[in-house]
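These notes concern the structure reproduced below.
Every read-out reported here was derived from the displayed coordinates using simple, explicitly stated rules and does not represent laboratory data. As the structure is a prediction and not an experimental result, all values here were calculated from the model. Don't worry about glycine lacking a Cβ; one is built from the backbone with ideal geometry, like all the others, and counts go over all protein chains shown.
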Amino acid sequence: MSLPPELRVLCIQLSSTPTTDLPRLTPALLRYVLRCQIPLSSPAGNAAKADASASSVLVHKLKTQLTTFLNGKSQEGRFVAAVLIKAVVEVGGWEVLRGSESWVRGLLSLLGKPDSAASKEMAIIALTKIYCMTHQYPTLIREITTPTLPTFVTSCFNLISNSGSKVMDGTTSLAQTVFQSFTMLLPRHTTIFRPFASQIRLVAKPFVAPTMSDGLLVSPSLKESARRLTVVLHQTVAKNAGGEEWNKAVRGLVRDTHVTADNVFRAVVEDWESTAGYASEPIDVNQELAGGGRDADDLPRWTGVAAGVERLTGLLEMLAEYFRSETSTPVVISLGSIVDVVVRMLSIAMPSSDSSSRQGSARLHPAIDRDEKDGLWCGMPQIYVAALQLVDVIAERLQESFMPLAQGIYDQLVWVYPFGKSTPEFRLVTYTVVAKVLLHIGQSFDRAQVGKLGSIIRSGCRDLQPVDPSIHSDGIVEDAGKKSRGHHANQNADTFLQNKQNNVELQLDETDLVVASRDLLPLLLSHIPQQYLDISLRSSIERTAILSHHKDAMLASILNPFVGKNGKALATVLPHLTRDFGSDPVVEMLLRPRMPLLPSSGARLPTNEALHEESEDEDMGYQPELETLHETSENTNTPFHEQSDSIHPGLGPSAEVARDEAAATPQINFGFPSSSKSFSTSTPPTTTVPAALERTVNHPAAPQSAVEDTRMHSDDDSSDDESVHLTMELDTDSE
């Protein structure tokens, strides 16, 4: 096999292109490396004789060029070398990995040079890839990873030691890359990371639950990476004590959340009482609202109600991260204390602008000024969302074990829903949690529990129904016209020139809120007892399913019909489902179910297959003959079925005639004998044989057409004939 031309072109471009122009060619160089997998991953001895020397020469040249760029004085060359080294190691595998020790030391030295953040970030990524790939080779771990990994961790600490000022300079990606690298390497090399556990926790602490009081601009991705790194630190504990360390960290987070809530909620007289044994600390309302920073292990200090809300939501999100990440050992979860925190977060009633709401708001502390109270009300939706996201993560982790908690969470959620339903994020997480609750306990709801879902159902249907903008514009024009009659003020003339667009199909954006409400809609029909659902809510759900073209919701409506109090069922949505999804296989099965044919027990299957192939004209031709047979039977007093048997041997006596004869004469079993009772009678052994059977069995000189018909179908009726002969022989013997 010939060498790929990309390897030769790669070496030529690296040697002929100026170093300052190499970053511009990096995408093309990466494509060339990815196409050189065979020469890079194949041992030199396994290559063809004609290409062995050329392959080894070019691969050696490529490695030498990368080493030269990595140890050179050009920042551009070191950047390109870090990028290409990672790609060459991934493509080459073991053959390149076993000789990468010099590259590892060169990349470590790059972290201490005054290069750009992008170069250092690429060096960290390349080193992380090398350390991960050497994990499956004990020899390479002993030769490469063990001697150099502590130096790598120390170099990363030096990069983010002054992370506060560097984050403000815009280098958040560097700290995020370090945290992600540690998160990947720590579970694989817990022994090496064990001495650095306390230092890692200290470095990641400012990014776990940051506030505006910290003076840092922390991106959501940086917070997520710092939280994941903090969670995996429990694996560094010796002697398989990681489970206890995990549980200890969760209990500490729960305690910190309660302490922070004591300060943030000081403007409210709480009616909540802890069921896990937590006692709130007394708060001095005359001092400035602040918290945190009590000791070296505590999170940074925060000041103000806005910063307190950020700290509280950050702690709840950190608690959810402990359930989102996997653990290396089994852990014990104190669900009682966690649910206690969630219930406390959802027990604060905001002032509602809805005059129809019958729920009262929380009692306020008279010593707190209005500004702090308004700041708390502005932050309560964020606290609601963080608490419900924690519930969602716990339900996802526990699966079926979430059932004992579902009822209490449901009651608290439907109580707090009127206070936060104006926030889209709150509705989004509410739909998700309600869907999980219905999957577990929805079928056991009574009328009162189903009635609590009314507000959530209406909001979900409203979020799925697209609103025509022309409706609002028509209202604006009408209101403007009314006001112009009474007041001669300056008005916007554009409101009278609104272009009305009719017959335009409105499309609903597939946002997260729409997706969550779409997932909830079928469950409202399939996992709730429909007899307890109000007819107006049922109609609203079906109307929403039709307008949003929701196939699963319409199927659930058809499979779970609704019967009103008057005993009448609502009209089915099957026509709308057929119009929208007529070609869907599920709808096709629902419309035209194909069941196997089940013959009745009293009917006899025809023994002549030729009967199925007869046309309608032939069937009509039997009518004159049948009328003639009726007249002949009346004149000669001969049973009708006997004459029909003599003319058409393929037709046997019908079931009605057989039942009529059973009352007059002993009957012969013409089918397969089912039991010995068919041959036992209480009368003398004399048997009356129908005339048609006598002519068929004892008189071979039958009409030629009948004989041919009987021979033509002798194979099909062989079993019946054997039965007839067997019965006749038994009768003859008995005589």
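Find out how many positive minus negative residues lie around K373, taking Lys and Arg as positive, Asp and Glu as negative, among other residues whose Cβ is under 13 Å from that of K373.
Values: positive: R266, R363, R370; negative: D369, D371, E372, D374.
Summing Lys and Arg as +1 and Asp and Glu as -1 gives -1.
How far apart, in nm, are the 7 Å Cα→Cβ label points at V586 and C132?
The modelled label-to-label distance comes out at 3.7 nm.
Over 18 Å between Cα atoms: which of K86/K120; K63/K86; K421/K551; K421/K452; K129/K205; K120/K205 fall into that group?
K421/K551; K129/K205; K120/K205
Of Q389, S347, A367, which is farthest along the charge dipole of segment 296-408 in the positive direction, counting Lys and Arg as +1 and Asp and Glu as -1 at C-beta?
A367
What is the local net charge at L229, summed over the other residues whose Cβ is closer than 15 Å to its Cβ (Lys, Arg +1; Asp, Glu -1)?
Residues near L229 contribute +3 overall.
In whole Hz, what ³J(HN,Hα) sequence does segment 442-453 give by Karplus (6.51, -1.76, 1.60; θ = phi - 60°), x for Gly and Pro?
Going residue by residue, I get x, 5, 9, 5, 9, 5, 5, 5, 5, x, 5, 7 Hz, with x marking Gly and Pro.
Using mean Cβ contacts within 10 Å as the protection proxy, how do 247-257, 226-236, 277-287 order, highest first?
Packing order, densest peptide first, comes out as 226-236, 247-257, 277-287.
I'd like to compare 296-303, 576-583: which one has the highest average count of other Cβ atoms within 10 Å, and what's the full order after that?
Averaged packing, sorted descending, gives the order 296-303, 576-583.
Charges at C-beta only: +1 for Lys and Arg, -1 for Asp and Glu. How large is the resulting dipole of segment 5-228 about its Cα centre, in Debye rounded to 20?
Computed about the Cα centre, the dipole is about 280 debye.
How far is it, in nm, from the label point at L217 to the one at S41 when both lie 7 Å from their Cα along the line to the Cβ?
It is 4.3 nm.
In what sequence, highest mean first, do 81-89, 545-553 appear when ranked by Cβ atoms within 10 angstrom?
The densest-packed peptide leads the list: 81-89, 545-553.
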